[in-house]
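Heads up: the structure comes next, in structure tokens.
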């Protein structure tokens with residue numbers, strides 16, 4: 001696959017074709033896989049997005065993290081830039097609806113957490129390849145944020161979101177671990 005936009009369209013169509021039941025089952029399997037990984041167990045501060053539509057459901061993961069006494073931090077993007085910061089949430093009530101249907105932390109009640117404090121970031125994406133590269137939505141927020149990030153990165157992917165190779169550019173950040181419903185790819 002050579003063209004990023006063509007690749008994005010393919011992943012979007014694959015996700016659209018995924019049934020709600022399959023998405024729910026695979027999300028549960030991905031959660032079960034992740035919470036057994038040493039980097040999850042050892043992490044005390046975990047960065048996660050709030051899933052929407054046909055994305056891997058992060059709600060259960062967040063509840064898991066809270067039950068395990070972990071701090072959950074959620075990104076807030078600065079519209080019109082590629083800047084993103086993480087804020088700690090202790091309840092889903094700490095979130096507000098923002099642009100593009102995103103749920104982000106309310107800055108007035110959530111504490112900003114610096115990059116060097118975060119142990120693990122669960123990186124979202126439309127698609128992933130076997131080398132650990134991801135195809136995002138095109139905003140560049142995660143690639144910019146992960147530059148110089150020293151913690152562990154992991155992505156969770158439905159079966160239909162993984163291909164052998166996706167087109168990459170110099171600024172694209174490779175993730176450390178990729179988990180699919182039936183195991184760990186890297």
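For segment 83-102, give me the residue count where each residue is crowded, with 16+ Cβ neighbours inside 10 Å and part of a strand (DSSP E or B).
7
Take the residues of segment 62-82 that are under 13 Å from residue 35 (Cβ atoms) and surrounded by 13 or more Cβ atoms within 10 Å (Cβ to Cβ): which is farthest from the chain's Cα centre (by Cα)? Lay out the reasoning, then the answer.
Of the residues in segment 62-82, the ones under 13 Å from residue 35 (Cβ atoms) are 62-68, 70.
When the remaining residues are screened for being surrounded by 13 or more Cβ atoms within 10 Å (Cβ to Cβ), the result is 62-66, 68, 70.
Working: 62: 12, 63: 16, 64: 16, 65: 15, 66: 17, 68: 20, 70: 17 Å.
Among those residues, the one meeting the criterion is 68.
Can you pull out the residues in segment 103-121 that are in contact with a strand residue (DSSP E or B) (Cβ under 7 Å, 6 or more places away or on another chain), within 21 Å of residue 41 (Cα to Cα) and not in a strand (DSSP E or B)? First the steps, then the outcome.
We begin by selecting, within segment 103-121, every residue in contact with a strand residue (DSSP E or B) (Cβ under 7 Å, 6 or more places away or on another chain); these are 103-107, 110-113, 117-121.
Filter once more, so that each one left must be within 21 Å of residue 41 (Cα to Cα): 113, 117-121.
Across segment 103-121, the qualifying residues are 117, 118, 119.
Give the residues of segment 131-145 that are in a loop (DSSP other than H, G, I, E, B), in contact with a helix residue (DSSP H, G or I) (Cβ under 9 Å, 6 or more places away or on another chain) and surrounded by 15 or more Cβ atoms within 10 Å (Cβ to Cβ), sorted by residue number.
Hit for segment 131-145 is 136, nothing else.
Quick check on my filter: what residues within segment 43-63 are out of contact with any helix residue (DSSP H, G or I) (no Cβ under 7 Å at 6 or more places or on another chain), assigned to a helix (DSSP H, G or I) and farther than 14 Å from residue 121 by Cβ?
Passing the criteria: 59, 63.
Going through 166, 179 one at a time, which residue ends up being in contact with a helix residue (DSSP H, G or I) (Cβ under 6 Å, 6 or more places away or on another chain) and part of a strand (DSSP E or B)? Steps first, please.
On the way: 166 fails: part of a strand (DSSP E or B).
Selected residue: 179, the only one of 166, 179 that is in contact with a helix residue (DSSP H, G or I) (Cβ under 6 Å, 6 or more places away or on another chain) and part of a strand (DSSP E or B).
From the list 125, 148, exactly one residue is assigned to a loop (DSSP other than H, G, I, E, B), exposed (fewer than 14 other Cβ atoms within 10 Å of the Cβ) and touching a helix residue (DSSP H, G or I) at 6+ places or on another chain (Cβ under 8 Å). Which is it? Give the steps one after another, and end with the answer.
Numbers: 125 fails: exposed (fewer than 14 other Cβ atoms within 10 Å of the Cβ).
Result: 148 is the single residue among 125, 148 that is assigned to a loop (DSSP other than H, G, I, E, B), exposed (fewer than 14 other Cβ atoms within 10 Å of the Cβ) and touching a helix residue (DSSP H, G or I) at 6+ places or on another chain (Cβ under 8 Å).
In contact (Cβ under 8 Å) with a residue 12 or more places away in the chain and either more than 18 Å from residue 155 (Cα to Cα) or assigned to a helix (DSSP H, G or I) (or both): which single residue out of 28, 32 fits that description? Talk me through it step by step, then tell me what you get.
Working: 32 fails: in contact (Cβ under 8 Å) with a residue 12 or more places away in the chain.
Among 28, 32, only 28 is in contact (Cβ under 8 Å) with a residue 12 or more places away in the chain and either more than 18 Å from residue 155 (Cα to Cα) or assigned to a helix (DSSP H, G or I) (or both).
So, in segment 151-163, exactly how many residues are within 23 Å of residue 3 (Cβ to Cβ) and in a loop (DSSP other than H, G, I, E, B)?
2
Let me spell it out: the conditions are (1) farther than 24 Å from residue 176 by Cα; (2) touching a strand residue (DSSP E or B) at 6+ places or on another chain (Cβ under 6 Å), and residue 18 meets all of them except one. Which number is the exception?
If we test residue 18 against (1) farther than 24 Å from residue 176 by Cα; (2) touching a strand residue (DSSP E or B) at 6+ places or on another chain (Cβ under 6 Å), just (2) comes out false.
Taking the condition of being crowded, with 19+ Cβ neighbours inside 10 Å and closer than 23 Å to residue 76 by Cβ, how many residues in segment 152-171 meet it?
5
Read-outs throughout are calculated quantities, based only on the coordinates presented, and are distinct from any laboratory measurement. These figures come from a predicted structure and were not determined experimentally. So basically every Cβ, Gly included, is an ideal-geometry build from the backbone, and we count neighbours across all protein chains shown.
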